[in-house]
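Input: a single structure, listed below in structure tokens.
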Amino acid sequence: MKVFDVAVVGATGLVGRKMIQVLEERKFPVGKLRPLATARSVGKTVEFNGKRIHVEELTQNSFQGIEIALFSAGASVSKEFAPHAVNAGALVIDNSSAFRMVDGIPLVVPEVNAKEIFHHKGIIANPNCSTIQMCVALKPLHDKWKIRRVVVSTYQSVTGAGQKGVNQLYAEIEEEDSYEKKFPHPIAYNVLPHIDVFADDGYTREEHKMVFETKKIFGDETIKISPTCVRVPAVGGHSESVNVEFEKHFELEEVFETLHHAPGVIVQDDLKQNIYPMPIWAHEKDDVFVGRIRRDESTKNGLNLWVVSDNLRKGAATNAVQIAEVWITHK
Ligand SMILES: NC(=O)c1ccc[n+]([C@@H]2O[C@H](COP(=O)([O-])OP(=O)(O)OC[C@H]3O[C@@H](n4cnc5c(N)ncnc54)[C@H](OP(=O)(O)O)[C@@H]3O)[C@@H](O)[C@H]2O)c1
């Protein structure tokens, strides 16, 4: 069987470590694995298929012989180093925001627009985590009833802010005196309506990502999206309250039926048993969980959903590895 030499850029981070775990779990045909990070991480090792592999410092020459480079070290690192990986002949699957909105670079959620994978010119972008889970849940509904407008409020895990975000939550819970602050306010026992930086229009960049990335992934500029992105002291995944207005009339049973058969979706909606999606259940799973499915009686063709997924897996690592899987299958 053909195997592929794979580099993971940001291999010591939350997403990079998860990528290595997911490559192993899904038995991706990896020949050599090259974990890359900063000089600070040289001397560390990662475990892959029972072996300990030394982390190397990322340089322009890190990609010789690499066929697939999974990038997860932030946008500035991707902008600087992805072109070197492409020049060395690698397919780059980039988890940062660097290339998502660049014309000609596919932005892919395999359940939604896998065919875009074959239009790449060396780089494929992995969407933002909160966008991915919303798109997986909404695409099958959009295909049937055409979405006119979405109002989404997110409840995002601290893992979405990387290792430093997790560290701040635990340090505050443990009442440690000194720790590096990732968020501008305490996150333990608190809620912050602020993810990424504020833009001039009063929205955050995370909220902009949900609007523009969804339109690009769906290939539909007409969908109206109104997001509010919120950081909460959860760790297992992101949750989203999603209010949708469709153009066409739907029956609620048809929505349940459609979501039951949707790729990557699991319906968790048994109110008598208090069953609905939660981060503690979504944690370490690859699916997007949908529940609290109910008609919005305040508007025509309105629907409410509660959507939860593990942002480090389907929102990042798993989605990237799925893209690589589709690419190698058709290569
Ligand atoms: N967390 C999520 O849910 C999520 C979801 C989707 C996308 N993303 C994106 O994924 C990326 C990483 O997120 P994360 O949560 O894994 O962050 P993280 O835990 O802070 O990890 C960052 C990683 O990047 C490496 N790195 C930083 N600067 C570098 C440089 N100049 N050269 C080489 N390596 C460098 C770090 O290496 P050292 O350990 O050596 O410092 C570390 O391995 C970000 O672009 C983020 O926006 C994250």
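Coordinate-derived values only; no laboratory data. What you see is a predicted model, and the numbers here were worked out from it, not measured in a lab. Note that each Cβ is placed from the backbone with ideal geometry, even for glycine, and that neighbours are counted across all protein chains shown.
Helix content alone sets the calculated 222 nm mean residue ellipticity of the chain: runs of n ≥ 4 DSSP H residues at -39500 (n - 2.57) each, divided across all residues, give -9000 deg cm²/dmol. For the range 222-229, putting each phi into the Karplus relation 6.51 cos²θ - 1.76 cosθ + 1.60 with θ = phi - 60° gives couplings of 7, 5, 9, 10, 10, x, 10, 9 Hz, in residue order, rounded to whole numbers and with x for Gly and Pro.
Summarise the long-distance tail of P(r) for the range 130-311 by giving the % of C-alpha pairs beyond 19 Å.
Values: 9678 of 16471 pairs.
Of all Cα-Cα distances in the range 130-311, 59 percent exceed 19 Å.
For the range 112-220, chymotrypsin sites (Phe, Trp or Tyr not before Pro) meeting the loop criterion (DSSP other than H, G, I, E, B) and having at most 11 other Cβ atoms within 10 Å: 189. Ordering 157, 298 by the number of other Cβ atoms within 10 Å of each residue's own Cβ, fewest first, gives 298, 157. Proximity of backbone amide H atoms, modeled 1.01 Å from N, is registered between residue 148 and 245, 246, 247 at under 5 Å, excluding neighbours fewer than 5 places apart on the same chain.
For a paramagnetic label modelled on residue 32 (point 7 Å from Cα along Cα→Cβ), amide N atoms under 12 Å away belong, within the range 60-103, to 62-67. Short to long, the 10 Å bins of the Cα pair-distance histogram for the range 55-147 hold 16, 44, 26, 10, 3 percent of all pairs.
Starting from the coordinates of the alpha-carbon atoms of the chain, obtain the Kirkwood hydrodynamic radius over all distinct pairs and give the value in Å to one decimal. Over the chain, the inverse of the mean reciprocal pair distance is 20.4 Å. Here the Karplus curve 6.51 cos²θ - 1.76 cosθ + 1.60, taken at θ = phi - 60°, turns the phi angles of the range 23-34 into couplings of 4, 5, 4, 8, 6, 4, x, 8, x, 9, 10, 10 Hz, with x standing for Gly and Pro.
Pull up the DSSP beta bridges for the chain and report the antiparallel fraction as a percent, rounded to 5. Can you show the working numbers first?
Working: 30 of 59 bridges.
Given both bridge residues lie in the chain, the antiparallel proportion sits at roughly 50 percent.
Around the amide H of residue 34, modelled in the peptide plane, lie the amide H atoms of 6, 7, 8, all under 5 Å away and 5 or more residues distant in sequence or on another chain. A straight chain from residue 115 to residue 56 at 0.36 nm per residue would run longer than the Cα-Cα distance by 17.9 nm. A convex hull fitted around the alpha carbon atoms of the range 51-205 yields 189 Å³ per residue. Exposure proxy ranking for 278, 1, 210, based on other Cβ atoms within 10 angstrom of each Cβ and starting from the fewest, stands as 1, 278, 210. The Cβ shell under 11 Å around residue 94 holds other residues with a net charge of +2, Lys and Arg each +1, Asp and Glu each -1. Note that the range 67-83 has calculated 3J(HN,Hα) couplings of 9, 9, 10, 8, 9, 7, 9, x, 5, 5, 5, 5, 4, 6, 9, 4, x Hz, one per residue in order, obtained from phi through the Karplus relation 6.51 cos²θ - 1.76 cosθ + 1.60 (θ = phi - 60°); glycine and proline are x. Spin-label pair residue 39-residue 189: with each label point 7 Å from Cα along the Cα-Cβ axis, the two points sit 4.2 nm from one another.
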